[in-house]
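The values are calculated or read from the model by the stated rules, or taken from the named source; none is laboratory data. These numbers come from a predicted model, not from an experiment. With ideal geometry, Cβ positions are generated from the backbone for all residues, glycine too; neighbour counts draw on all protein chains shown. Ligands, DNA and RNA are stripped out before the accessible areas are found, and what is left, the full protein with its side chains, is counted by its heavy atoms. Shrake-Rupley method; radii C 1.70, N 1.55, O 1.52, S 1.80 Å.
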Amino acid sequence: MTGSNRVESGFSQLWTCGRTTYGVSSGKVCYGATIKEKLECRSYENFGVEKHQFRIGFSTQAASIVPGMDDKSVCIDNFGKKYLDGAVDQYFKEETSTLKEKDIVTVAIDFDELNVSFYVNGESVGEAIPLPKTMQDTTLFPSLGIRNMPFTLTTESGEDVFLPEGYTYIQEHEDKVRGPVAPESREECEVVMMIGFPSAGKTTYVKKHVAENPDKQLVGDFVLMFSWLFMSFGYGRFKFCIYILPIRAVNLYQNSDPASHY
């Protein structure tokens, strides 16, 4: 499966992110992604926005959809940095500078040792990262976020596919866990968007509404919108808050066969 983003009319400056339909909560499981050719697009360097970005790791279902934005995800990016507990730090070894076209990134999670390891082209790029307590005793999902850096996802072993010793690719893992079930058609999907002044009660209402309706999921919050808007086009340009509440979970990949969603 290949993931990409739109580049016209400023879309190139927004994060394009997603989690897989199936997650894991036990064993030693991995997946990978091959970075494709960067997309050419308009630059917003005057806003301090990086034109090409790529993040890959694991997150909980409750995490921000943008990997690395909170304490419910762990990931690395194309600049060799790691994101843990919502903080960023250098991760790659000195001999590994940045990720580039055709690099293959493998992410391996060990639920026995409670850590995540990263490999580039079959070579380790840093020490295993311990899972924070907020990511333990729960199902974790492969997560990716890109800005103009398309990728091809690898979820099963095969010829010339790097497999860390003792690990199983997620598609072949017997105990993988199904995430939220998608509606059978787009016509069944509904999104509620709340717009209002700060402290008007938007967050209070949404949290109460989700708690009372388990079949509904909050997929947007201030962190998400902050990532989409402020980080994309510069600080101080937007003066209102937006929250998104889909009535039923929407499958990320819109594939006709739910069993093939990885």
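Things worth noting here:
- For the range 80-92, a residue qualifies if it is open to solvent by 70 Å² or more (accessible area, probe 1.4 Å) and touching a strand residue (DSSP E or B) at 6+ places or on another chain (Cβ under 8 Å), and the qualifying residues are Lys81, Val88, Asp89, Gln90.
- Residues within the range 66-79 that are buried (at least 23 other Cβ atoms within 10 Å of the Cβ) and assigned to a loop (DSSP other than H, G, I, E, B), tallied: 4
- Residue match in the range 197-204 (condition: assigned to a loop (DSSP other than H, G, I, E, B), more than 22 Å from the chain's Cα centre (by Cα) and surrounded by 11 or more Cβ atoms within 10 Å (Cβ to Cβ)): yes
- Selection status of Thr98, touching a residue at least 40 places away in the same chain (Cβ under 8 Å) and open to solvent by 10 Å² or more (accessible area, probe 1.4 Å): no
- For the range 141-187, a residue qualifies if it is open to solvent by 70 Å² or more (accessible area, probe 1.4 Å) and out of contact with any Phe, Trp or Tyr (no Cβ under 9 Å at 6 or more places or on another chain), and the qualifying residues are Glu159, Asp160, Glu165, Glu172, Glu174, Asp175, Val181, Glu184, Arg186, Glu187.
- Only a single item in (1) more than 17 Å from Cys30 (Cβ to Cβ); (2) at pLDDT 95 or above; (3) not in a strand (DSSP E or B) is not met by Leu163, and it is number (1).
- Within the range 151-171, the set of residues being polar (S, T, N, Q) and within 22 Å of Lys100 (Cβ to Cβ) comprises Thr152, Thr154.
- Residues of the range 123-158 that turn out to be part of a loop (DSSP other than H, G, I, E, B) and in contact with a Leu (Cβ under 9 Å, 6 or more places away or on another chain), as a count: 7
- Thr134 being in contact with a Ser or Thr (Cβ under 8 Å, 6 or more places away or on another chain), under 26 Å from Gly3 (Cα atoms) and touching a residue at least 24 places away in the same chain (Cβ under 8 Å): no
- In the range 1-41, the qualifying residues are those that are among the basic types (Lys, Arg) and surrounded by 14 or more Cβ atoms within 10 Å (Cβ to Cβ), and the one that is nearest to Phe118 (Cα to Cα) is Lys28.
- Residue identified as modelled with pLDDT of 95 or more, hydroxyl-bearing (Ser, Thr, Tyr) and either over 15 Å from the mean Cα position of the chain (by Cα) or at positive phi (or both) among Ser25, Ser59: Ser25
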